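Asker: Before we start, here is the structure in question, set down as structure tokens.
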There are 4 protein chains.
Amino acid sequence: MKSHQIEGVAERCHQDKHLEGMNRGRILLSCPDQPGVVAAVSQFLYENGANIIQSDQHSTDPEGGQLFMRVEFDLDQLSLHLDKLKSSFVNVASRYDMEWEMKTAASPKKTAIFVSKEDHCLLELLWQWQSGELDMDIKLVISNHDVCRPVVEKLDIPYYYIPVTKENKDQAEQEQFRLLEEYGVELIILARYMQILSPKYIERYPNRIINIHHSFLPAFVGANPYKSAHERGVKIIGATAHYVTEDLDQGPIIEQDVQRVSHRYNVDDLKKTGRYIERIVLARAVAWHLQDRVLTYHNKTVVFT
Amino acid sequence: MKSHQIEGVAERCHQDKHLEGMNRGRILLSCPDQPGVVAAVSQFLYENGANIIQSDQHSTDPEGGQLFMRVEFDLDQLSLHLDKLKSSFVNVASRYDMEWEMKTAASPKKTAIFVSKEDHCLLELLWQWQSGELDMDIKLVISNHDVCRPVVEKLDIPYYYIPVTKENKDQAEQEQFRLLEEYGVELIILARYMQILSPKYIERYPNRIINIHHSFLPAFVGANPYKSAHERGVKIIGATAHYVTEDLDQGPIIEQDVQRVSHRYNVDDLKKTGRYIERIVLARAVAWHLQDRVLTYHNKTVVFT
Amino acid sequence: MKSHQIEGVAERCHQDKHLEGMNRGRILLSCPDQPGVVAAVSQFLYENGANIIQSDQHSTDPEGGQLFMRVEFDLDQLSLHLDKLKSSFVNVASRYDMEWEMKTAASPKKTAIFVSKEDHCLLELLWQWQSGELDMDIKLVISNHDVCRPVVEKLDIPYYYIPVTKENKDQAEQEQFRLLEEYGVELIILARYMQILSPKYIERYPNRIINIHHSFLPAFVGANPYKSAHERGVKIIGATAHYVTEDLDQGPIIEQDVQRVSHRYNVDDLKKTGRYIERIVLARAVAWHLQDRVLTYHNKTVVFT
Amino acid sequence: MKSHQIEGVAERCHQDKHLEGMNRGRILLSCPDQPGVVAAVSQFLYENGANIIQSDQHSTDPEGGQLFMRVEFDLDQLSLHLDKLKSSFVNVASRYDMEWEMKTAASPKKTAIFVSKEDHCLLELLWQWQSGELDMDIKLVISNHDVCRPVVEKLDIPYYYIPVTKENKDQAEQEQFRLLEEYGVELIILARYMQILSPKYIERYPNRIINIHHSFLPAFVGANPYKSAHERGVKIIGATAHYVTEDLDQGPIIEQDVQRVSHRYNVDDLKKTGRYIERIVLARAVAWHLQDRVLTYHNKTVVFT
């Protein structure tokens, strides 16, 4: 993080987090539920000198269901021992047929933000990042418009303007992929990016692309949902943050929330409310992803908050 | 209200309300928006000796839109003068092409509650009615099952069990209409009544039938929406209270709200949450209707809270 | 539960819960945090043939802090083996210096509700109990007034009217203690019981008495806090549910919540809002206690929801 | 507003608002409640060719209480006629003993933001101002630290660093007053400004200084309320925005809200939550003030939202 804007508090805060992160590790796993899994994982950590800080689990069904676990632990100088620890865990994992990841909290995820013209979600992410509330390493911002460049570059974040048309779409994606690889991007946030990503994206970044969209009760299809919502006289406006899959807007839901509205809200007021709830919901979903709190299966999520 | 259960507080509370209601009146109107309407209405009330207690208005558009107004006023011994006051108001109303109603708050609305097997909404209505929070005169409960009879009859409210089948549906409705007329019912609350009302109902009781149904983001169709919601991994569960129109579940929305849920909620937990939010939302919508706070137009509502 | 009011749904629901409860056990423990605790507990359960359903833990500080754990597990015919399992666990517990409890979920807690004149909290508890949402065994209701008798006796719950004056306070408590012991009461709910309990109560029922009181921002002392709140023009009204300790209203907080209000609320409206939020907050706190989700230490709670 | 950051949307939005504001006026008044006030005001507007857009009123008591009114109206080329309209209104106002203001919405209020080291409230205000959600004219930022200068100056807003010590306090205030007058400031926002203002401020800017502070249930006094809240185990964290009066933190409350927390929140997490709720609550209070929606009396507010 190169920002020199927030002196004092945030700086110190980041430093503490860094030190804490050096020893802090996380295991995420899922496997068929059966007696002994929790015992095996916690025994493994104990024998390797680690102290469990937080352990969450969820079983879809104790009888023949799927078990999900997230364990956060401290181990002195974890960064140095991570590879060895991973190798040892293979035994435990194979015994219970686990899908698993083991990570250190030391290095914030390398992130790319995609944006079009509307900047409310981008600004909220930047704000929470500056204030130390989103622990990520923003490598670049990519946009199909040149609108948000000033606010991004003022924070010393590279801004890439890549126009997308029907004709150049494939070429534009190649350019995007090149950048994402160059920067080693681990997470893509679509902060109101108004282009549909090709299936190649989903293949390359499965459960690594977070999108935000408005939600209504009832749902409205078509070009101007806020106008429809106004005509229908809805009393709440919502937003949904989800991982991007091939089914447009149908990926695993990470977070949803709503705001109350009334008959006094005209279409513009509804849009304003929509922007507010979108930025809050997206930021929450991103925070949970950054802390490895989200597991997915069967097109839905387990969120250990 | 014949309940002798709640001594003291509620009894006194009802009495105060009754006295207050004797002098309290309400005008509800809508008309094409134009300068002078508020002046004309308030001038009329002033000249007739009334004091405005609360006045709310809403214009869909100051230029060529529709104006909605609700005025609550005090006038000494209103009940005696209501008819005369109404006659005088005709002049004002016709000058501005108003649709309007003038009512005294003295007499709580005569209400019928329809219920099937699930009793959570019924019980909430009865509870809020007993505690004086819903100022209505519950004349009868009608059900297509005999399940909820005991709780209703213990409160000295008549309970009519009218089974409905494909064959007897028309006849059953005739029986219901007879009862509704006999009791002079002004408001019908569908408290999880699992039968579709015929268009005749809507003709007879336009904007006088309130229904509650669950709502989901996204919407789920089919027989078991809670199962679908569980499979989709939604993070909020909602409910919508609306007036019943010919379009099933598409009538003007009076109130909506949601509750948060998580991956830990199984289908039963989701249903339990659904019941909770349904009873809260229905009770709110009914309260606003009873206080004449809801106006409708173009299939939506103006709710002056 | 003797209520014959709610046929069908609730009845079946209770039966399922009962069967599930037969095999379901819970361990609650706290001990100095150190590596190996989670491993030891889960290993113990595994070796005894139990499957962990949910495991929650919280450490006040990984270095020298206190660890809190709640484990829910299934073990075939637990009720038959509980005593033996407890004996075996003593070894694990003493190794880590644990305070602990092991319980079966089979038998709902025997509960006494104390009430004075205001019935809103009592009615909510009865409603949620009838609908199967509060899994408790209401043995009796004790009141210093005879106001709420009808609603209680109609549900076949014994109602004891024990007036309390300055003069007879000690004697009245003796009578209450006799009843509580006779019925084997495990949990006391003060549902707006307007008498201060003597320290003897707290000794006998530590963390077994739940109280509800209103809360305001800022706090108001004195006889009529709603009047003070109105004069101060607060915008939210809250309620706090807590365990009763010797410090009046200062015991460990289990749950808090608020409702929005506005300048339009007169003192009565504020009280009505207060009643609503009180019944919701108390019911939530009771539900968590009944499911053994609440641990206390240092005058505060860990609530594993 | 000199910001050239937000092209497109915001720019157009501000323009529309400007045009709308040219014709839009607001009357705020309070007077002893009596029949005829609403009639007189609406008649006055009608006779002067104005169309009422929104009219809100509140009476503390229909019998001998105080009436509060806010009327928003459109009048062609209001800005040109405002002085004349004001002169004519004097007659109406004196007849009913009104305190009143009449304003055009054309000119956003000239605002000064005071800040110390913590920037979360400042950033939210700047963000909402940039996005067009807070319609104000930020003339300057004053701080007793030099911490937030970069983010302010990048938006072309003058930043004045005026250190305050016990010794120079009086002199520092003189310097502040000089700046506030030079810029014609109409509203002062204390966005976490950690200095107590002298009574001279309150005299000069009555109901024109908005402050934000954290709120807790129960209240905690002393230097580190978040530590106390953590020790007490509170379940919600709140914030209160109010006008500054001589009684520290005791001025009329404009807005309050809360966020849920749990035992998992350490002191830092509580502070983070506190920052979030503070920025939301302050921004709401400021928005309502900017739209002339807040009237005060007897140390409380009427907020017409």
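The values are calculated or read from the model by the stated rules, or taken from the named source; none is laboratory data. Model, not experiment: these values are computed from the prediction. Note: ideal-geometry Cβ built from the backbone for every residue, glycine included; neighbour counts use all protein chains shown.
Here's the yes/no breakdown for (1) within 14 Å of chain B (Cβ to nearest Cβ); (2) surrounded by fewer than 13 Cβ atoms within 10 Å (Cβ to Cβ); (3) farther than 30 Å from A:Arg293 by Cα:
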{"site": "A:Thr165", "(1), (2), (3)": "no, yes, yes"}
{"site": "A:Phe177", "(1), (2), (3)": "no, no, no"}
{"site": "A:Arg208", "(1), (2), (3)": "no, no, no"}
{"site": "A:Ser215", "(1), (2), (3)": "yes, no, no"}
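Asker: Let me ask something additional. How about segment A:188-206: which of its residues are of a type in the set (A, V, I, L, M) and either surrounded by fewer than 18 Cβ atoms within 10 Å (Cβ to Cβ) or out of contact with any Ser or Thr (no Cβ under 8 Å at 6 or more places or on another chain) (or both)?
Answerer: The answer is A:Leu190, A:Ala191, A:Met194, A:Ile196, A:Leu197.
Asker: Within the bounds of segment C:135-147, is there any residue that is within 13 Å of chain B (Cβ to nearest Cβ), within 21 Å of C:Ala106 (Cα to Cα) and outside any helix (DSSP H, G or I)?
Answerer: The answer is yes, given that some residue of segment C:135-147 is within 13 Å of chain B (Cβ to nearest Cβ), within 21 Å of C:Ala106 (Cα to Cα) and outside any helix (DSSP H, G or I).
Asker: Continuing with this model, one more query. Determine, yes or no, whether A:Val185 is crowded, with 19+ Cβ neighbours inside 10 Å and either on the phi > 0 side of the Ramachandran plot or in a loop (DSSP other than H, G, I, E, B) (or both).
Answerer: In short, yes.
Asker: What is the number of the single condition among (1) free of Cβ contacts under 8 Å to residues at least 40 places away in the same chain; (2) assigned to a helix (DSSP H, G or I) that B:Leu180 does not meet?
Answerer: Going through (1) free of Cβ contacts under 8 Å to residues at least 40 places away in the same chain; (2) assigned to a helix (DSSP H, G or I) one by one, B:Leu180 breaks only (1).
Asker: So, in segment C:155-197, exactly how many residues are within 19 Å of the chain's Cα centre (by Cα) and modelled with pLDDT under 95?
Answerer: So the answer is 4.
Asker: What's the total number of residues in segment C:82-104 that are in contact with a Gly (Cβ under 9 Å, 6 or more places away or on another chain) and more than 16 Å from C:Leu29 (Cα to Cα)?
Answerer: The total comes to 1.
Asker: Related question: Out of segment C:148-163, which residues are part of a helix (DSSP H, G or I) and surrounded by 14 or more Cβ atoms within 10 Å (Cβ to Cβ)?
Answerer: C:Arg149, C:Pro150, C:Val151, C:Val152 - these are the residues of segment C:148-163 that are part of a helix (DSSP H, G or I) and surrounded by 14 or more Cβ atoms within 10 Å (Cβ to Cβ).
Asker: Let me ask something additional. Which condition number does B:Gly132 fail, the rest of (1) within 12 Å of another protein chain (Cβ to nearest Cβ); (2) outside any loop (DSSP other than H, G, I, E, B); (3) touching a residue at least 40 places away in the same chain (Cβ under 8 Å) being met?
Answerer: With (1) within 12 Å of another protein chain (Cβ to nearest Cβ); (2) outside any loop (DSSP other than H, G, I, E, B); (3) touching a residue at least 40 places away in the same chain (Cβ under 8 Å) applied to B:Gly132, the lone miss is (2).
Asker: So which of B:Asp76, B:Asp97, B:Asp61 is within 27 Å of the chain's Cα centre (by Cα), surrounded by fewer than 19 Cβ atoms within 10 Å (Cβ to Cβ) and over 23 Å from D:Met69 (Cα atoms)?
Answerer: Of B:Asp76, B:Asp97, B:Asp61, the one residue that is within 27 Å of the chain's Cα centre (by Cα), surrounded by fewer than 19 Cβ atoms within 10 Å (Cβ to Cβ) and over 23 Å from D:Met69 (Cα atoms) is B:Asp97.
Asker: Can you find, within segment D:252-270, the residue that is nearest to C:Glu255 (Cα to Cα) among those that are in contact with a Phe, Trp or Tyr (Cβ under 8 Å, 6 or more places away or on another chain) and crowded, with 23+ Cβ neighbours inside 10 Å?
Answerer: The qualifying residue nearest to C:Glu255 (Cα to Cα) is D:Glu255.
Asker: Also, quick follow-up: Residue check, C:Asp137 against (1) modelled with pLDDT of 95 or more; (2) buried (at least 20 other Cβ atoms within 10 Å of the Cβ); (3) within 21 Å of the chain's Cα centre (by Cα); (4) farther than 18 Å from C:Gln176 by Cβ, all met but one. Which one?
Answerer: Of the numbered conditions (1) modelled with pLDDT of 95 or more; (2) buried (at least 20 other Cβ atoms within 10 Å of the Cβ); (3) within 21 Å of the chain's Cα centre (by Cα); (4) farther than 18 Å from C:Gln176 by Cβ, the odd one out for C:Asp137 is (2).
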